[in-house]
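Data block below; observations after.
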Amino acid sequence: MNFRNSAIRYGSLSISLHWLMLLLFIAVYATINLRELYPKGSDPRELLKTWHFMLGMLTFVLVWLRLAAIFSGPAPLIQPTLPRSQEISAKLLHLALYVLMIGMPITGWLLLSAAGKPIPFFGLELPALIGENKDLAHQIKEVHEFVGTTGYFLIGLHVVAGLYHHYIKRDNTLTRILPGRA
């Protein structure tokens, strides 16, 4: 098990973090959408909102570890080499996903801060980033929800691109990040 990237494959740390982030994305989106099944103010709804925030903040914590892993060594080469336009598109999509993984938790934290609500994180209470301001909270909520909806499309595009490269282009884009491969 190699923790560092090689010329042909991502290391186990990068691979583990990639798939863990996927599971976190699924859980973050599931918790906020499943809350709609319960009436406002009910315990299950509030619990799902709390988990939504905590898992979002866990994403924020882990994205920095993921960035450190990425910058610790070169990315494995894609074989055969991509056309320049696809290479640029891939970099832009990855950048957008990282902005999502950093920006969404920050806007969530700002939203709870502006709403004057507690900011839970697995038994801890995080400090408010800004003072209470209900109007600002409403504006931040709109941005948070819009970017969250955009996240569905970014994640979907990332998945479609990986499958396209694997099944249509038949390059090693996807196999470089799959777990359990030699």
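Of the residues making up the range 32-57, just one is of a type in the set (A, V, I, L, M) and exposed (fewer than 13 other Cβ atoms within 10 Å of the Cβ), namely Leu37. Go through the residues of the range 82-98 one by one and say whether even a single one is out of contact with any Asp or Glu (no Cβ under 8 Å at 6 or more places or on another chain), over 20 Å from Leu154 (Cβ atoms) and of a type outside the set (D, E, K, R). Yes, the range 82-98 has at least one match.
Only residues that are free of Cβ contacts under 8 Å to residues at least 60 places away in the same chain and within 17 Å of Thr59 (Cβ to Cβ): list them for the range 110-128, please.
Within the range 110-128, the subset free of Cβ contacts under 8 Å to residues at least 60 places away in the same chain is 110-118, 123-125, 127-128.
Leu110, Leu111, Leu112, Leu124 - these are the residues of the range 110-128 that are free of Cβ contacts under 8 Å to residues at least 60 places away in the same chain and within 17 Å of Thr59 (Cβ to Cβ).
Of all the residues in the range 107-153, those that are within 21 Å of Ala30 (Cβ to Cβ) and either at pLDDT below 95 or assigned to a helix (DSSP H, G or I) (or both) number 16.
Looking only at residues in the range 58-88 that are within 20 Å of the chain's Cα centre (by Cα) and without any contact (Cβ under 8 Å) to a residue 24 or more places away in the chain, which one is surrounded by the fewest Cβ atoms within 10 Å (Cβ to Cβ)? Out of the qualifying residues, it is Phe71.
Could we say that Leu47 is in a helix (DSSP H, G or I), in contact (Cβ under 8 Å) with a residue 40 or more places away in the chain and over 19 Å from Val147 (Cβ atoms) here? Can you show your working first?
Details: in a helix (DSSP H, G or I): yes; in contact (Cβ under 8 Å) with a residue 40 or more places away in the chain: no; over 19 Å from Val147 (Cβ atoms): yes.
Criteria not met by Leu47.
Right, Leu95: among the hydrophobic types (A, V, I, L, M, F, W, C), on the phi < 0 side of the Ramachandran plot, touching a Lys or Arg at 6+ places or on another chain (Cβ under 7 Å) and part of a helix (DSSP H, G or I) or not? Answer is no for this residue. Return the pair list, or none, for Cβ contacts closer than 6 Å from residues in the range 24-44 that are among the polar types (S, T, N, Q) to residues that are surrounded by 12 or more Cβ atoms within 10 Å (Cβ to Cβ), at least 6 apart or on different chains. So the pair list comes out as Thr31/Leu48; Thr31/Trp51; Thr31/His52.
In the range 120-133, the condition of being over 23 Å from Leu55 (Cβ atoms) and in contact with a helix residue (DSSP H, G or I) (Cβ under 6 Å, 6 or more places away or on another chain) is met by at least one residue.
The condition (being farther than 25 Å from Gly151 by Cα and in contact with a Lys or Arg (Cβ under 9 Å, 6 or more places away or on another chain)) is satisfied by just one residue among Gly11, Gly41: Gly11. For the range 106-136, a residue qualifies if it is among the small types (Gly, Ala, Ser) and surrounded by 19 or more Cβ atoms within 10 Å (Cβ to Cβ), and the qualifying residues are Gly108, Ser113, Ala114. Screening the range 144-174 for residues that are surrounded by 15 or more Cβ atoms within 10 Å (Cβ to Cβ), of a type in the set (A, V, I, L, M, F, W, C) and free of Cβ contacts under 8 Å to residues at least 60 places away in the same chain and picking the one that is nearest to Ile8 (Cα to Cα) gives Leu174.
The values are calculated or read from the model by the stated rules, or taken from the named source; none is laboratory data. In this text the structure is predicted, and so the values were computed from the model without any measurement. Please note: Cβ atoms are built from the backbone with ideal geometry, for glycine as well, and neighbour counts cover all protein chains shown.
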